[in-house]
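This report refers to the structure that appears directly beneath it.
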Amino acid sequence: MVEWRPMKTPRIAYCSPVNPAPSGISDYSEELLPYLAQYAELTLFVEDGLKPTNPQLGQHLEVLPLRRLERELRRRPYAALVYHMGNSPAHAAIWGQARRLPGVVVLHDFVLHHFMLWYAANARHDIQLYVREMGERYGEAGAHIAQLMIRSRFTDAAFDFPCCEPVLAAARGLIAHSRFVRDRVAAMRPDLPAAVVPMGVPLPTVTDRAAARARLGLPHEAAVLASFGHINAWKRVEPVLRAVAALRAEGIDARYILVGSVSPNYDLAGLIARSRLGDAVTITGYAPRAQFEDYVAAADICLNLRFPTGGETSASLLRLLGAGRPTLVSAVGAFAELPPGTVAQVDPGPAEGDQVLAYCRLLLRRPDLAAALGAQARNFVAAEHTLAGAALGYARFLAHLYGWPALRRMRDEPLWPIDLPAEPAVPATHPVAVANRVPQPKPVPPLVATAARAAVEIGLSDYDSALLRTVAARIAELG
(Lines give C-alpha, C1' and ligand atoms only; values in the text may rest on other atoms or scores of the structure.)
Protein backbone atom coordinates (compact mmCIF):
# COMPACT_ATOMS: atom_id res chain seq x y z
CA MET A 1 0.00 0.00 0.00
CA VAL A 2 1.26 3.48 -0.86
CA GLU A 3 1.83 5.64 2.21
CA TRP A 4 3.37 9.08 2.52
CA ARG A 5 7.06 8.84 3.21
CA PRO A 6 9.27 11.92 3.56
CA MET A 7 10.62 12.95 0.17
CA LYS A 8 11.81 16.17 -1.35
CA THR A 9 8.95 16.25 -3.85
CA PRO A 10 5.91 13.96 -4.06
CA ARG A 11 5.86 11.35 -6.83
CA ILE A 12 2.64 9.92 -8.27
CA ALA A 13 2.33 6.51 -9.92
CA TYR A 14 -0.15 7.29 -12.70
CA CYS A 15 -1.73 4.29 -14.49
CA SER A 16 -3.69 5.12 -17.62
CA PRO A 17 -4.17 4.34 -21.29
CA VAL A 18 -2.34 6.70 -23.64
CA ASN A 19 -2.32 6.83 -27.41
CA PRO A 20 -2.37 4.62 -29.42
CA ALA A 21 -4.58 2.76 -26.91
CA PRO A 22 -8.15 3.05 -28.29
CA SER A 23 -9.76 5.00 -25.48
CA GLY A 24 -10.86 8.62 -25.09
CA ILE A 25 -9.05 8.48 -21.75
CA SER A 26 -5.79 8.36 -23.72
CA ASP A 27 -6.38 11.92 -24.93
CA TYR A 28 -7.67 12.91 -21.48
CA SER A 29 -4.50 11.81 -19.68
CA GLU A 30 -2.12 13.26 -22.26
CA GLU A 31 -3.76 16.66 -21.75
CA LEU A 32 -3.92 16.44 -17.95
CA LEU A 33 -0.42 15.11 -17.24
CA PRO A 34 1.60 18.29 -18.00
CA TYR A 35 -0.65 20.26 -15.62
CA LEU A 36 -0.61 17.64 -12.87
CA ALA A 37 3.19 17.69 -13.13
CA GLN A 38 3.08 21.21 -11.68
CA TYR A 39 2.34 19.60 -8.29
CA ALA A 40 4.30 16.33 -8.32
CA GLU A 41 6.81 14.22 -10.18
CA LEU A 42 5.02 11.62 -12.28
CA THR A 43 5.80 8.09 -13.36
CA LEU A 44 3.42 6.95 -16.09
CA PHE A 45 2.56 3.24 -16.16
CA VAL A 46 1.12 1.90 -19.43
CA GLU A 47 0.01 -1.44 -20.79
CA ASP A 48 2.89 -3.85 -21.35
CA GLY A 49 4.26 -3.50 -24.87
CA LEU A 50 2.51 -0.19 -25.61
CA LYS A 51 4.74 2.46 -27.15
CA PRO A 52 3.25 5.94 -26.67
CA THR A 53 2.85 7.88 -29.91
CA ASN A 54 2.96 11.24 -28.13
CA PRO A 55 6.70 12.12 -28.03
CA GLN A 56 6.16 14.54 -25.13
CA LEU A 57 5.46 11.66 -22.75
CA GLY A 58 8.84 10.01 -23.21
CA GLN A 59 10.69 13.33 -23.27
CA HIS A 60 9.28 14.65 -20.01
CA LEU A 61 8.10 11.65 -17.96
CA GLU A 62 9.38 8.30 -16.85
CA VAL A 63 7.21 5.76 -18.71
CA LEU A 64 7.18 2.18 -17.44
CA PRO A 65 5.17 -0.96 -18.22
CA LEU A 66 2.43 -1.87 -15.76
CA ARG A 67 4.11 -5.18 -14.95
CA ARG A 68 6.77 -3.18 -13.10
CA LEU A 69 4.34 -1.31 -10.85
CA GLU A 70 4.64 -3.51 -7.76
CA ARG A 71 8.44 -3.60 -8.00
CA GLU A 72 8.52 0.20 -8.37
CA LEU A 73 6.34 0.72 -5.31
CA ARG A 74 8.83 -1.35 -3.30
CA ARG A 75 11.91 0.22 -4.86
CA ARG A 76 11.30 3.88 -4.02
CA PRO A 77 8.72 6.04 -2.25
CA TYR A 78 5.56 7.15 -4.02
CA ALA A 79 3.18 9.74 -2.60
CA ALA A 80 0.06 8.46 -4.43
CA LEU A 81 -1.15 5.70 -6.73
CA VAL A 82 -3.78 6.55 -9.36
CA TYR A 83 -5.70 4.18 -11.65
CA HIS A 84 -7.94 5.27 -14.52
CA MET A 85 -10.90 2.94 -15.05
CA GLY A 86 -13.32 3.09 -17.97
CA ASN A 87 -15.70 0.74 -19.73
CA SER A 88 -13.34 -0.55 -22.43
CA PRO A 89 -10.71 -3.29 -22.88
CA ALA A 90 -7.98 -0.62 -22.80
CA HIS A 91 -8.22 -0.78 -18.99
CA ALA A 92 -7.66 -4.54 -18.60
CA ALA A 93 -4.06 -4.39 -17.38
CA ILE A 94 -4.89 -1.46 -15.10
CA TRP A 95 -7.70 -3.41 -13.46
CA GLY A 96 -5.36 -6.37 -13.02
CA GLN A 97 -3.02 -4.20 -10.94
CA ALA A 98 -5.76 -2.28 -9.11
CA ARG A 99 -7.18 -5.55 -7.78
CA ARG A 100 -3.88 -6.30 -6.01
CA LEU A 101 -2.48 -2.89 -5.14
CA PRO A 102 -5.11 -0.48 -3.74
CA GLY A 103 -4.99 3.11 -4.97
CA VAL A 104 -7.19 6.00 -6.03
CA VAL A 105 -9.55 5.07 -8.86
CA VAL A 106 -10.61 7.72 -11.35
CA LEU A 107 -13.97 6.26 -12.38
CA HIS A 108 -14.78 7.50 -15.87
CA ASP A 109 -17.85 5.25 -16.23
CA PHE A 110 -20.08 4.20 -13.37
CA VAL A 111 -21.33 1.24 -15.43
CA LEU A 112 -18.46 -1.18 -16.11
CA HIS A 113 -20.73 -4.06 -17.13
CA HIS A 114 -19.45 -4.47 -20.69
CA PHE A 115 -15.83 -4.25 -19.53
CA MET A 116 -16.32 -6.92 -16.86
CA LEU A 117 -17.95 -9.24 -19.41
CA TRP A 118 -15.01 -8.71 -21.78
CA TYR A 119 -12.49 -9.14 -18.96
CA ALA A 120 -13.90 -12.48 -17.84
CA ALA A 121 -13.98 -13.84 -21.39
CA ASN A 122 -10.65 -12.47 -22.68
CA ALA A 123 -8.36 -11.78 -19.72
CA ARG A 124 -9.49 -14.56 -17.37
CA HIS A 125 -10.63 -16.89 -20.19
CA ASP A 126 -13.63 -17.90 -18.09
CA ILE A 127 -16.90 -16.37 -19.20
CA GLN A 128 -18.73 -18.40 -16.58
CA LEU A 129 -16.88 -16.32 -13.98
CA TYR A 130 -18.93 -13.34 -15.22
CA VAL A 131 -22.13 -15.41 -15.11
CA ARG A 132 -21.47 -16.58 -11.55
CA GLU A 133 -20.61 -13.08 -10.31
CA MET A 134 -23.75 -11.62 -11.89
CA GLY A 135 -25.86 -14.20 -10.07
CA GLU A 136 -24.06 -13.79 -6.75
CA ARG A 137 -24.18 -10.00 -6.88
CA TYR A 138 -27.61 -9.33 -8.38
CA GLY A 139 -29.58 -12.54 -7.83
CA GLU A 140 -31.95 -14.08 -10.34
CA ALA A 141 -32.31 -10.86 -12.37
CA GLY A 142 -28.54 -10.60 -12.75
CA ALA A 143 -28.22 -14.24 -13.79
CA HIS A 144 -30.90 -13.73 -16.46
CA ILE A 145 -29.18 -10.67 -17.93
CA ALA A 146 -25.85 -12.54 -17.91
CA GLN A 147 -27.33 -15.33 -20.01
CA LEU A 148 -28.60 -12.78 -22.53
CA MET A 149 -25.28 -10.94 -22.70
CA ILE A 150 -23.09 -14.01 -23.25
CA ARG A 151 -25.34 -14.87 -26.20
CA SER A 152 -24.73 -11.38 -27.68
CA ARG A 153 -28.31 -10.35 -26.95
CA PHE A 154 -27.22 -6.95 -25.69
CA THR A 155 -29.94 -5.13 -23.80
CA ASP A 156 -30.50 -1.72 -22.24
CA ALA A 157 -31.24 -3.53 -18.99
CA ALA A 158 -27.50 -4.22 -18.63
CA PHE A 159 -27.08 -0.61 -17.51
CA ASP A 160 -29.08 -1.45 -14.36
CA PHE A 161 -26.26 -3.80 -13.30
CA PRO A 162 -23.16 -1.58 -13.11
CA CYS A 163 -20.62 -4.29 -12.14
CA CYS A 164 -18.39 -1.58 -10.63
CA GLU A 165 -18.61 -3.06 -7.13
CA PRO A 166 -15.29 -4.97 -7.37
CA VAL A 167 -13.49 -1.80 -8.47
CA LEU A 168 -14.94 0.18 -5.57
CA ALA A 169 -14.08 -2.61 -3.10
CA ALA A 170 -10.44 -2.49 -4.24
CA ALA A 171 -10.17 1.31 -4.18
CA ARG A 172 -8.56 3.43 -1.49
CA GLY A 173 -10.16 6.62 -2.80
CA LEU A 174 -12.28 7.76 -5.72
CA ILE A 175 -12.20 10.68 -8.14
CA ALA A 176 -15.36 11.30 -10.16
CA HIS A 177 -16.21 13.97 -12.69
CA SER A 178 -19.86 14.38 -11.68
CA ARG A 179 -22.08 14.40 -8.63
CA PHE A 180 -24.11 11.70 -10.38
CA VAL A 181 -21.24 9.19 -10.11
CA ARG A 182 -20.10 10.33 -6.66
CA ASP A 183 -23.57 9.94 -5.17
CA ARG A 184 -24.08 6.46 -6.61
CA VAL A 185 -20.70 5.36 -5.36
CA ALA A 186 -21.52 6.75 -1.92
CA ALA A 187 -24.68 4.64 -1.83
CA MET A 188 -22.61 1.51 -2.48
CA ARG A 189 -19.58 2.31 -0.37
CA PRO A 190 -20.21 5.26 1.96
CA ASP A 191 -16.82 4.85 3.68
CA LEU A 192 -14.82 5.46 0.50
CA PRO A 193 -13.17 8.92 0.38
CA ALA A 194 -14.32 10.62 -2.83
CA ALA A 195 -14.02 13.93 -4.64
CA VAL A 196 -15.68 15.49 -7.66
CA VAL A 197 -12.95 16.97 -9.87
CA PRO A 198 -13.85 18.84 -13.07
CA MET A 199 -12.84 17.21 -16.33
CA GLY A 200 -10.35 19.55 -17.95
CA VAL A 201 -10.15 20.12 -21.69
CA PRO A 202 -8.08 22.60 -23.70
CA LEU A 203 -10.18 25.49 -24.93
CA PRO A 204 -10.11 25.19 -28.73
CA THR A 205 -9.56 28.07 -31.08
CA VAL A 206 -12.63 29.36 -32.91
CA THR A 207 -12.61 28.05 -36.48
CA ASP A 208 -14.41 29.83 -39.30
CA ARG A 209 -17.50 27.88 -40.36
CA ALA A 210 -17.24 28.69 -44.06
CA ALA A 211 -13.54 27.79 -44.20
CA ALA A 212 -14.17 24.49 -42.39
CA ARG A 213 -16.96 23.59 -44.81
CA ALA A 214 -14.76 24.41 -47.77
CA ARG A 215 -12.05 22.09 -46.49
CA LEU A 216 -14.59 19.31 -45.92
CA GLY A 217 -16.44 19.84 -49.20
CA LEU A 218 -19.74 20.65 -47.49
CA PRO A 219 -22.34 22.97 -49.08
CA HIS A 220 -22.25 26.45 -47.59
CA GLU A 221 -26.04 26.77 -47.26
CA ALA A 222 -26.89 23.27 -45.99
CA ALA A 223 -28.23 22.77 -42.46
CA VAL A 224 -25.62 20.46 -40.93
CA LEU A 225 -26.32 18.34 -37.86
CA ALA A 226 -23.42 16.33 -36.41
CA SER A 227 -22.82 13.69 -33.72
CA PHE A 228 -19.35 12.87 -32.40
CA GLY A 229 -17.70 9.90 -30.74
CA HIS A 230 -18.12 6.13 -30.89
CA ILE A 231 -21.50 5.31 -32.41
CA ASN A 232 -23.71 2.60 -30.93
CA ALA A 233 -27.37 1.90 -30.19
CA TRP A 234 -27.32 4.20 -27.15
CA LYS A 235 -26.30 7.34 -29.07
CA ARG A 236 -29.94 7.93 -30.15
CA VAL A 237 -29.26 8.13 -33.89
CA GLU A 238 -32.79 7.09 -34.87
CA PRO A 239 -34.64 10.15 -33.51
CA VAL A 240 -32.06 12.39 -35.20
CA LEU A 241 -32.68 10.66 -38.52
CA ARG A 242 -36.40 11.26 -38.10
CA ALA A 243 -35.71 14.93 -37.46
CA VAL A 244 -33.53 15.15 -40.58
CA ALA A 245 -36.28 13.54 -42.64
CA ALA A 246 -38.85 16.02 -41.30
CA LEU A 247 -36.59 19.01 -42.01
CA ARG A 248 -35.98 17.83 -45.57
CA ALA A 249 -39.72 17.37 -46.07
CA GLU A 250 -40.08 21.05 -45.12
CA GLY A 251 -37.68 22.04 -47.90
CA ILE A 252 -34.55 22.42 -45.75
CA ASP A 253 -31.33 20.93 -47.15
CA ALA A 254 -30.54 19.08 -43.90
CA ARG A 255 -27.46 16.87 -43.64
CA TYR A 256 -26.40 14.57 -40.80
CA ILE A 257 -22.73 13.71 -40.17
CA LEU A 258 -21.64 11.01 -37.73
CA VAL A 259 -17.99 11.55 -36.78
CA GLY A 260 -16.48 8.50 -35.14
CA SER A 261 -16.14 4.75 -35.23
CA VAL A 262 -19.21 2.50 -35.40
CA SER A 263 -19.87 -0.41 -33.05
CA PRO A 264 -19.80 -3.73 -34.92
CA ASN A 265 -22.91 -4.71 -32.95
CA TYR A 266 -24.92 -1.78 -34.33
CA ASP A 267 -26.50 -1.97 -37.79
CA LEU A 268 -26.13 1.72 -38.56
CA ALA A 269 -26.01 1.17 -42.32
CA GLY A 270 -29.29 -0.72 -42.21
CA LEU A 271 -30.91 1.98 -40.11
CA ILE A 272 -29.88 4.68 -42.60
CA ALA A 273 -31.08 2.59 -45.53
CA ARG A 274 -34.49 2.07 -43.94
CA SER A 275 -34.78 5.80 -43.32
CA ARG A 276 -34.08 6.47 -47.04
CA LEU A 277 -31.58 9.16 -46.08
CA GLY A 278 -28.49 7.69 -47.68
CA ASP A 279 -27.84 10.87 -49.67
CA ALA A 280 -28.16 13.06 -46.56
CA VAL A 281 -26.06 11.10 -44.05
CA THR A 282 -22.26 10.81 -43.88
CA ILE A 283 -20.32 8.41 -41.63
CA THR A 284 -16.71 9.55 -41.39
CA GLY A 285 -15.21 6.82 -39.21
CA TYR A 286 -12.31 7.87 -37.04
CA ALA A 287 -11.35 11.49 -37.77
CA PRO A 288 -7.89 12.93 -36.99
CA ARG A 289 -7.96 15.81 -34.52
CA ALA A 290 -7.72 18.64 -37.09
CA GLN A 291 -10.50 17.11 -39.20
CA PHE A 292 -12.58 16.51 -36.07
CA GLU A 293 -12.29 20.21 -35.24
CA ASP A 294 -13.37 21.11 -38.78
CA TYR A 295 -16.51 19.00 -38.48
CA VAL A 296 -17.30 20.69 -35.17
CA ALA A 297 -16.92 24.14 -36.73
CA ALA A 298 -18.93 23.16 -39.82
CA ALA A 299 -21.96 21.95 -37.85
CA ASP A 300 -24.95 24.23 -37.28
CA ILE A 301 -26.13 21.95 -34.46
CA CYS A 302 -24.15 19.33 -32.55
CA LEU A 303 -25.84 16.37 -30.87
CA ASN A 304 -24.51 14.45 -27.86
CA LEU A 305 -27.47 12.23 -27.07
CA ARG A 306 -27.17 8.99 -25.12
CA PHE A 307 -29.62 6.79 -23.26
CA PRO A 308 -29.21 4.74 -21.20
CA THR A 309 -26.12 6.35 -19.69
CA GLY A 310 -23.18 4.64 -18.08
CA GLY A 311 -22.60 7.67 -15.85
CA GLU A 312 -19.84 9.01 -18.07
CA THR A 313 -18.75 12.64 -18.33
CA SER A 314 -18.11 13.19 -22.01
CA ALA A 315 -14.86 14.86 -23.03
CA SER A 316 -16.12 15.05 -26.60
CA LEU A 317 -19.16 16.99 -25.35
CA LEU A 318 -16.94 19.45 -23.48
CA ARG A 319 -14.90 19.95 -26.65
CA LEU A 320 -18.10 20.79 -28.55
CA LEU A 321 -19.15 23.26 -25.87
CA GLY A 322 -15.66 24.72 -25.68
CA ALA A 323 -15.78 25.33 -29.44
CA GLY A 324 -18.91 27.39 -28.89
CA ARG A 325 -21.30 25.08 -30.75
CA PRO A 326 -25.03 24.92 -29.93
CA THR A 327 -25.49 21.38 -28.66
CA LEU A 328 -28.34 19.02 -27.77
CA VAL A 329 -27.79 16.55 -24.93
CA SER A 330 -29.91 13.92 -23.21
CA ALA A 331 -31.16 15.13 -19.82
CA VAL A 332 -29.76 12.14 -17.92
CA GLY A 333 -26.85 11.34 -15.61
CA ALA A 334 -23.98 13.81 -15.55
CA PHE A 335 -25.44 15.69 -18.53
CA ALA A 336 -28.39 16.82 -16.41
CA GLU A 337 -25.90 18.73 -14.22
CA LEU A 338 -24.97 21.15 -17.01
CA PRO A 339 -26.19 24.65 -16.14
CA PRO A 340 -29.18 26.22 -17.91
CA GLY A 341 -28.30 28.18 -21.02
CA THR A 342 -25.27 26.08 -21.98
CA VAL A 343 -27.02 23.19 -23.77
CA ALA A 344 -30.47 22.21 -25.00
CA GLN A 345 -31.59 19.23 -22.93
CA VAL A 346 -33.69 16.48 -24.50
CA ASP A 347 -35.80 14.18 -22.32
CA PRO A 348 -35.46 10.49 -23.22
CA GLY A 349 -38.79 8.81 -23.74
CA PRO A 350 -41.79 9.10 -26.04
CA ALA A 351 -41.29 12.82 -26.74
CA GLU A 352 -37.56 12.54 -27.50
CA GLY A 353 -37.91 12.73 -31.29
CA ASP A 354 -40.36 15.64 -31.14
CA GLN A 355 -38.01 17.59 -28.86
CA VAL A 356 -35.02 16.98 -31.12
CA LEU A 357 -36.98 18.24 -34.13
CA ALA A 358 -38.35 21.26 -32.24
CA TYR A 359 -34.88 22.30 -31.05
CA CYS A 360 -33.44 21.89 -34.54
CA ARG A 361 -36.18 24.02 -36.09
CA LEU A 362 -35.71 26.73 -33.47
CA LEU A 363 -31.90 26.89 -33.69
CA LEU A 364 -31.87 26.84 -37.50
CA ARG A 365 -34.48 29.61 -37.73
CA ARG A 366 -32.88 31.69 -34.97
CA PRO A 367 -29.12 31.85 -35.64
CA ASP A 368 -28.87 34.59 -33.00
CA LEU A 369 -30.22 32.17 -30.39
CA ALA A 370 -27.88 29.42 -31.60
CA ALA A 371 -24.90 31.79 -31.35
CA ALA A 372 -25.89 32.87 -27.83
CA LEU A 373 -26.23 29.25 -26.69
CA GLY A 374 -22.80 28.46 -28.14
CA ALA A 375 -21.22 31.50 -26.49
CA GLN A 376 -22.62 30.52 -23.09
CA ALA A 377 -21.32 26.99 -23.59
CA ARG A 378 -17.81 28.23 -24.40
CA ASN A 379 -17.75 30.57 -21.42
CA PHE A 380 -18.84 27.69 -19.16
CA VAL A 381 -16.02 25.41 -20.31
CA ALA A 382 -13.49 28.26 -20.10
CA ALA A 383 -14.48 28.92 -16.49
CA GLU A 384 -15.30 25.47 -15.08
CA HIS A 385 -13.41 22.83 -17.08
CA THR A 386 -9.84 24.08 -17.35
CA LEU A 387 -6.90 21.71 -17.27
CA ALA A 388 -5.34 23.82 -14.52
CA GLY A 389 -8.48 23.46 -12.38
CA ALA A 390 -8.60 19.71 -12.98
CA ALA A 391 -4.95 19.26 -11.98
CA LEU A 392 -5.46 21.29 -8.80
CA GLY A 393 -8.50 19.14 -7.94
CA TYR A 394 -6.43 15.98 -8.30
CA ALA A 395 -3.54 17.39 -6.26
CA ARG A 396 -5.75 18.62 -3.40
CA PHE A 397 -7.55 15.28 -3.08
CA LEU A 398 -4.39 13.18 -3.26
CA ALA A 399 -2.59 15.43 -0.76
CA HIS A 400 -5.49 15.13 1.69
CA LEU A 401 -5.98 11.38 1.24
CA TYR A 402 -2.31 10.41 1.46
CA GLY A 403 -1.41 12.98 4.10
CA TRP A 404 1.13 15.06 2.24
CA PRO A 405 2.53 17.63 4.68
CA ALA A 406 1.93 20.44 2.18
CA LEU A 407 0.53 21.08 -1.26
CA ARG A 408 2.67 23.37 -3.32
CA ARG A 409 3.12 24.06 -6.98
CA MET A 410 6.58 22.95 -8.07
CA ARG A 411 6.39 24.50 -11.54
CA ASP A 412 4.81 27.77 -12.64
CA GLU A 413 3.95 26.41 -16.09
CA PRO A 414 2.73 23.03 -17.39
CA LEU A 415 5.51 20.56 -18.09
CA TRP A 416 4.85 20.88 -21.83
CA PRO A 417 2.39 22.86 -23.98
CA ILE A 418 -0.81 21.26 -25.27
CA ASP A 419 -0.79 21.42 -29.05
CA LEU A 420 -4.12 22.26 -30.68
CA PRO A 421 -4.69 21.84 -34.43
CA ALA A 422 -3.37 24.83 -36.33
CA GLU A 423 -6.31 26.57 -37.99
CA PRO A 424 -6.62 29.85 -39.90
CA ALA A 425 -7.31 32.69 -37.53
CA VAL A 426 -10.88 33.96 -37.44
CA PRO A 427 -11.23 37.73 -37.85
CA ALA A 428 -12.27 39.36 -34.59
CA THR A 429 -15.29 40.91 -36.29
CA HIS A 430 -16.51 37.63 -37.78
CA PRO A 431 -19.97 36.65 -36.37
CA VAL A 432 -18.64 33.27 -35.21
CA ALA A 433 -15.80 34.89 -33.28
CA VAL A 434 -18.09 37.54 -31.81
CA ALA A 435 -20.69 34.99 -30.68
CA ASN A 436 -18.15 32.64 -29.13
CA ARG A 437 -15.75 35.18 -27.69
CA VAL A 438 -14.74 34.58 -24.09
CA PRO A 439 -14.54 37.92 -22.24
CA GLN A 440 -10.93 38.79 -21.47
CA PRO A 441 -10.21 39.51 -17.81
CA LYS A 442 -8.92 42.88 -16.71
CA PRO A 443 -5.21 43.06 -15.80
CA VAL A 444 -4.62 41.70 -12.30
CA PRO A 445 -2.84 44.06 -9.87
CA PRO A 446 0.51 42.65 -8.66
CA LEU A 447 -0.62 42.44 -5.03
CA VAL A 448 -3.72 40.45 -6.01
CA ALA A 449 -1.67 38.13 -8.20
CA THR A 450 0.77 37.46 -5.37
CA ALA A 451 -2.06 36.73 -2.93
CA ALA A 452 -3.74 34.42 -5.46
CA ARG A 453 -0.55 32.41 -5.99
CA ALA A 454 -0.12 32.05 -2.25
CA ALA A 455 -3.74 30.88 -1.86
CA VAL A 456 -3.24 28.19 -4.50
CA GLU A 457 0.01 27.00 -2.95
CA ILE A 458 -1.58 26.48 0.48
CA GLY A 459 -4.56 24.71 -1.07
CA LEU A 460 -7.33 27.30 -0.69
CA SER A 461 -10.31 27.04 -3.02
CA ASP A 462 -13.80 28.48 -3.39
CA TYR A 463 -14.82 26.26 -0.45
CA ASP A 464 -12.79 28.61 1.78
CA SER A 465 -15.03 31.56 0.88
CA ALA A 466 -15.05 33.24 4.30
CA LEU A 467 -11.26 33.36 4.49
CA LEU A 468 -10.96 34.51 0.88
CA ARG A 469 -13.43 37.35 1.50
CA THR A 470 -11.31 38.49 4.44
CA VAL A 471 -8.16 38.44 2.29
CA ALA A 472 -9.96 40.39 -0.45
CA ALA A 473 -11.11 43.01 2.06
CA ARG A 474 -7.58 43.49 3.37
CA ILE A 475 -6.20 43.91 -0.16
CA ALA A 476 -8.91 46.48 -0.92
CA GLU A 477 -7.91 48.43 2.19
CA LEU A 478 -4.33 48.53 0.95
CA GLY A 479 -5.56 50.01 -2.31
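The values are calculated or read from the model by the stated rules, or taken from the named source; none is laboratory data. Predicted model, so just to flag it, every value in this text is computed and none were measured. Reconstructed Cβ throughout: ideal geometry from the backbone, glycine too, with neighbour counts over all protein chains shown.
Data table
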read-out: Residues of segment 342-370 that turn out to be among the aliphatic types (A, V, I, L, M) and closer than 22 Å to Pro202 by Cβ, as a count; value: 1
read-out: Hits in segment 216-231 (condition: in contact with a Lys or Arg (Cβ under 9 Å, 6 or more places away or on another chain) and either assigned to a loop (DSSP other than H, G, I, E, B) or free of Cβ contacts under 8 Å to residues at least 40 places away in the same chain (or both)); value: Leu218, Pro219, His220, Ala222, Gly229
read-out: Residue check for Ala120: in the same structural domain as Asn19 (by TED's automatic domain parsing), closer than 30 Å to Arg68 by Cα and surrounded by 16 or more Cβ atoms within 10 Å (Cβ to Cβ); value: no
read-out: Residue list for segment 284-314, filter: free of Cβ contacts under 8 Å to residues at least 60 places away in the same chain and crowded, with 16+ Cβ neighbours inside 10 Å; value: Thr284, Ala287
read-out: Residue satisfying condition, being under 24 Å from Ala121 (Cβ atoms), crowded, with 17+ Cβ neighbours inside 10 Å, hydrophobic (A, V, I, L, M, F, W, C) and at pLDDT below 95, within set Ile25, Ile94; value: Ile25
read-out: Number of the condition not met by Cys163 [criteria: (1) on the phi < 0 side of the Ramachandran plot; (2) surrounded by 19 or more Cβ atoms within 10 Å (Cβ to Cβ); (3) assigned to a loop (DSSP other than H, G, I, E, B)]; value: (1)
read-out: Among residues of segment 261-283, those that are out of contact with any Phe, Trp or Tyr (no Cβ under 7 Å at 6 or more places or on another chain) and not in a loop (DSSP other than H, G, I, E, B), counted; value: 11
read-out: Residue pairs meeting the criteria (Cβ under 6 Å; at least 6 apart or on separate chains; first over 26 Å from Val82 (Cα atoms) and at pLDDT 95 or above, in segment 373-394; second among the charged types (D, E, K, R) and surrounded by 18 or more Cβ atoms within 10 Å (Cβ to Cβ)); value: Gly374/Arg325
read-out: Options Leu328, Leu317, Leu258; residue that is out of contact with any helix residue (DSSP H, G or I) (no Cβ under 6 Å at 6 or more places or on another chain), assigned to a strand (DSSP E or B) and crowded, with 22+ Cβ neighbours inside 10 Å; value: Leu258
read-out: Residue within segment 196-215 that is part of a loop (DSSP other than H, G, I, E, B), without any contact (Cβ under 8 Å) to a residue 40 or more places away in the chain, not basic (Lys, Arg) and not assigned by TED's automatic domain parsing to the domain that holds Val296 present; value: no
read-out: Scope segment 316-346; condition under 24 Å from Asp208 (Cβ atoms) and at pLDDT below 90; matching residues; value: Ser316
read-out: Selection count where residues are crowded, with 17+ Cβ neighbours inside 10 Å and part of a loop (DSSP other than H, G, I, E, B), scope segment 236-251; value: 1
